Amino acid sequence: MQKLLFVCLGNICRSPLAEAAVRVAASERGLSLHIDSAGTGGWHAGEAPDRRAVKVAAQAGVDISHLRARQVTAADFENFDYVFALDGQNLMALREASGLDHAHKLHLFGSFADIGSVGDPYFGDQAGFELCWQEVQRGASALLDALESGEIA
Ligand code: 4NP
């Protein structure tokens, strides 16, 4: 089974939403994937997603309240086949952490749609989380298109 990891800074806003969006989209397509998320930072380790992220997902019928934040580990670069950074800053942090051996596993989540970096909604309001949820859903669909077509190496 292919293993996909989604990574933002805190693992409480963007990457849990990306994880949820990809899980829902994969299920709709009948794809069986191992999906997880993590943060390049560890400040929120052990915490549930931000309540605004929980709310926006719940409005779409998706429960993410059971997820718990964790920091990326060296083992993740071994264990996962693909590691998707939610923005360019975290992609750079992952490049530094992964070393050359696993650099080929790293991708920008939004690069398969015309999204680029998914903006950090943490210091904003609920509307920012709604935009984030829209973006990660669009990104999830484009990412699975790329995965299914073999476009992602
Ligand atoms: P995330 O958002 O990376 O999408 O989970 C953030 C969460 C927490 C912080 C920054 C961004 N923080 O500074 O604590």
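None of the figures in this text is laboratory data; all of them are computed from the coordinates on show. In this text the structure is predicted, and so the values were computed from the model without any measurement. Reconstructed Cβ throughout: ideal geometry from the backbone, glycine too, with neighbour counts over all protein chains shown.
Could you list the trypsin sites (Lys or Arg not before Pro) in segment 67-153 that lie in coil according to DSSP, counting only those with at most 16 other Cβ atoms within 10 Å of their Cβ?
Answer in residue order: Arg68.
Percent of Cα-Cα pairs per 5 Å bin, from 0 to the last occupied bin, for segment 60-153, please list those.
3, 12, 19, 22, 23, 15, 6, 1
Ser37's amide H: which non-local residues (gap 5+, or another chain) put their own amide H closer than 5 Å, with H modeled 1.01 Å from N in plane and none for Pro or chain starts?
Result for Ser37 returns Phe6.
Would you mind calculating the gained length between Ser65 and Gln89 on full extension (0.36 nm times residue separation, minus the Cα-Cα distance), in nm to one decimal?
Details: separation 24, 0.36 × 24 = 8.64 nm, distance 2.62 nm.
Here the segment from Ser65 to Gln89 would lengthen by 6.0 nm.
Which loop trypsin sites (Lys or Arg not before Pro) in segment 1-61, with loop taken from DSSP, have no more than 14 other Cβ atoms within 10 angstrom of their Cβ?
Values: sites: Lys3, Arg14, Arg23, Arg29, Arg51, Arg52, Lys55; in loops: Arg29.
The qualifying sites are Arg29.
So for the pair Arg29, Gln134, with labels modelled 7 Å out along Cα→Cβ, what separation do we get in nm?
Distance between label points: 2.3 nm.
Length gain on complete extension for the stretch Lys55 to Ala74, per 0.36 nm per residue less the alpha carbon to alpha carbon distance? If you can, show how the numbers build up before the last one.
Working: separation 19, 0.36 × 19 = 6.84 nm, distance 3.16 nm.
In short, 3.7 nm is gained.
Under a Cβ-Cβ cut-off of 12 Å, what is the net charge of the residues other than Arg23 that fall near it, where Lys and Arg count +1 and Asp and Glu count -1? Write out the running numbers ahead of the final one.
Details: positive: Arg29; negative: Glu19, Glu28, Asp36, Asp63.
That sum, taken over residues with Cβ under 12 Å, equals -3.
Based on the Kirkwood radius over alpha-carbon pairs, what value in µm²/s does the Stokes-Einstein equation return for the translational diffusion coefficient of segment 14-95 at 25 °C and 0.890 mPa s? Present the calculation step by step, with values, prior to reporting the outcome.
Numbers: Rh = 13.6 Å.
Reported coefficient: 181 µm²/s.
When Lys and Arg each count +1 and Asp and Glu each count -1, what net charge do the other residues less than 13 Å away from Arg68, Cβ to Cβ, add up to? It would help to have the intermediate numbers written out before the result.
Numbers: positive: Arg70; negative: Glu19, Asp36, Glu47, Asp50.
Taking every Cβ under 13 Å from that of Arg68, the sum is -3.
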